[in-house]
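The values are calculated or read from the model by the stated rules, or taken from the named source; none is laboratory data. This is a predicted model, so every value here is computed, not measured. Here the Cβ positions follow ideal geometry from the backbone for every residue, glycine too, while neighbour counts run over all protein chains shown.
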Amino acid sequence: MRHLHARSLALLVAFCFLAAACGGSDDTGDDAPTTTASSGAATDTDTATDDTTGDGAGGVAAGGDDASGDAAPIDRTGEVIRVGYVNNEGGNISLPELRIGGEVAIKVINDAGGIHGAMIEPVVCLSDNTPESAINCAIKLIEEDVVMAYMGVELASEAALSLWVDAGIPYVSSHSWGPTERNSPGAFLLHVATGAFAVGPAKTFKELGIDHIAVVIQDSSTALDFMDNIIAPVLEHHGIEMTRVVVDIAAPDWTAAIAAAQAADVGGMMGQLDEFGCIGMVGSAAASGFDKPIFAGSCTLYIDLLGPASAGTYTQGDQWTPWVAEFAPPEIQERLTAYADHMTAAGHEKLIEGFAIAPYGAWREIEFILETIEGPITPESITDAFTNAGETPGWFGPNLRCGQAPWPPESSHCMSEIMVWQVVEAEDGGLKRIVVGDGLFDAYELSGL
């Protein structure tokens, strides 16, 4: 895995706490033909290289022209589906890959015939991670008559969510970017709920026979709330005693943190940390001779930076990714190959193992749900399609259950499965991740919440 650029690292403080994938880039290239309604200066995107590899899905389920059974095929030739696409770019947090991955997927969908012949037209608004910018994007895109709002990443989403809801426009993203949207009518968060990431460590330590661990967490109100209301009850449910180790965000003393864990005579350690925190925790543990199992949340950057010191540690995720492709089901392997081909053809090969995979997969999932709509495609019909979709195919991960609240405390989420990976030494002397156990499992069923 390649190293992350500095400005992408800033987002990891928030993103890795909420989401499963870690990676990133400052690539600002563009892919699909895009209408832009930017909160700053307007930017037009270039047309990407034509798709030459097909959808790579190996005959996967899709709505298709005969999705209605014996009914007449749906023909939307000549229609345009205008969707708002908001992404944080140009401010202190800038992640164009969370736009680029989606644009590449949209182009693949359009090149294959669109939604029963209708072309998806993304109307992009770039937000700078301020409430004012999030509100400005919402107002502009609502005035553009978009039928759906998609967030690549919008960390100021709390400020604008009510505008989307009041306008009746469905709010869709791969993950949640604020607390309100996790239980908001009209919000559909396609991938796993935040609380699931407390279950992976609990399940792993229980299977290892460990009943007392240190939980290392940074001193913020959000993190402490997560520790008290999610991590603590999940660990208790699994019969695991917890020793809290809280570190200062601005000036963390990782040597002292590891010493506190050792003094408590714990059998293992988990971190609910950003990427910098995982680097500090795992690096200091190795330097201090801490030889008990370590679960580094959903971090990934530490593996490259620390090398052999990261061997034996555990991480987790909710999607099959290129770095664990060999363990994925055959149809997922084919999709991962197609994703890499599409990103390469579009000139974004270096983003393949980064954040771009999240919106790419999300848009292939959105494609299926849009194909189930039989009448006009409107905000109302899209909302109904998500709400009543039942179980629909996941692109790189488990099937979605939008509208069914598979994680009831965060009812807007469409899935509740995760998997655990372990970092091990590869045959070439490098490092790789292997899947622990049978792979994906339903975290809510094991949460005790």
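Of the strands (runs of 3 or more DSSP E) entirely within region 230-322, those holding at least 1 residues that are farther than 23 Å from Asp438 by Cα and outside the structural domain of Phe355 (by TED's automatic domain parsing) occupy 241-247, 268-272.
Scanning region 143-171 for residues that are in contact (Cβ under 8 Å) with a residue 60 or more places away in the chain, surrounded by 24 or more Cβ atoms within 10 Å (Cβ to Cβ) and not aliphatic (A, V, I, L, M) yields Tyr150, Gly152, Glu154, Pro170. Filtered by the rule that a residue be in a loop (DSSP other than H, G, I, E, B), modelled with pLDDT under 95 and within 18 Å of Phe188 (Cα to Cα), region 122-163 gives Glu154, Leu155, Ala156. Looking only at residues of region 380-410 that are among the polar types (S, T, N, Q) and touching a Gly at 6+ places or on another chain (Cβ under 9 Å), we find that the one that is surrounded by the fewest Cβ atoms within 10 Å (Cβ to Cβ) is Asn388.
Scanning region 292-306 for residues that are modelled with pLDDT of 95 or more and not aliphatic (A, V, I, L, M) turns up Lys292, Pro293, Phe295. For region 172-190, state whether one or more residues are in contact with a Ser or Thr (Cβ under 8 Å, 6 or more places away or on another chain), surrounded by fewer than 21 Cβ atoms within 10 Å (Cβ to Cβ) and in a loop (DSSP other than H, G, I, E, B). Checked region 172-190: at least one residue is in contact with a Ser or Thr (Cβ under 8 Å, 6 or more places away or on another chain), surrounded by fewer than 21 Cβ atoms within 10 Å (Cβ to Cβ) and in a loop (DSSP other than H, G, I, E, B). Exactly one residue out of Ala250, Ala285 is modelled with pLDDT of 95 or more and either hydrophobic (A, V, I, L, M, F, W, C) or under 23 Å from Gly195 (Cβ atoms) (or both), and it is Ala285. Only one of the listed residues (Ser284, Ser288, Ser298) is polar (S, T, N, Q) and closer than 20 Å to Gly354 by Cα. That residue is Ser298.
Condition check for Ala256 on (1) among the small types (Gly, Ala, Ser); (2) touching a residue at least 12 places away in the same chain (Cβ under 8 Å); (3) on the phi < 0 side of the Ramachandran plot: one failure, at (2).
Hey, among the residues in region 185-197 that are at pLDDT 95 or above and in contact with a Leu (Cβ under 8 Å, 6 or more places away or on another chain), which one's farthest from Trp421 (Cα to Cα)? The selected residue is Ala187. Inside region 141-156, residues that are of a type outside the set (A, V, I, L, M) and out of contact with any strand residue (DSSP E or B) (no Cβ under 6 Å at 6 or more places or on another chain) make up a count of 2.
Residues of region 191-205 that are under 13 Å from the mean Cα position of the chain (by Cα), surrounded by 24 or more Cβ atoms within 10 Å (Cβ to Cβ) and not in a strand (DSSP E or B): Ala193, Ala196, Phe197. Tallying residues that are surrounded by fewer than 24 Cβ atoms within 10 Å (Cβ to Cβ) and more than 25 Å from Glu207 (Cβ to Cβ) within region 411-423 yields 1. In the set Ala362, Ala385, only one residue is among the aliphatic types (A, V, I, L, M), in contact (Cβ under 8 Å) with a residue 12 or more places away in the chain, under 15 Å from Gln319 (Cβ atoms) and not in a strand (DSSP E or B); that residue is Ala362.
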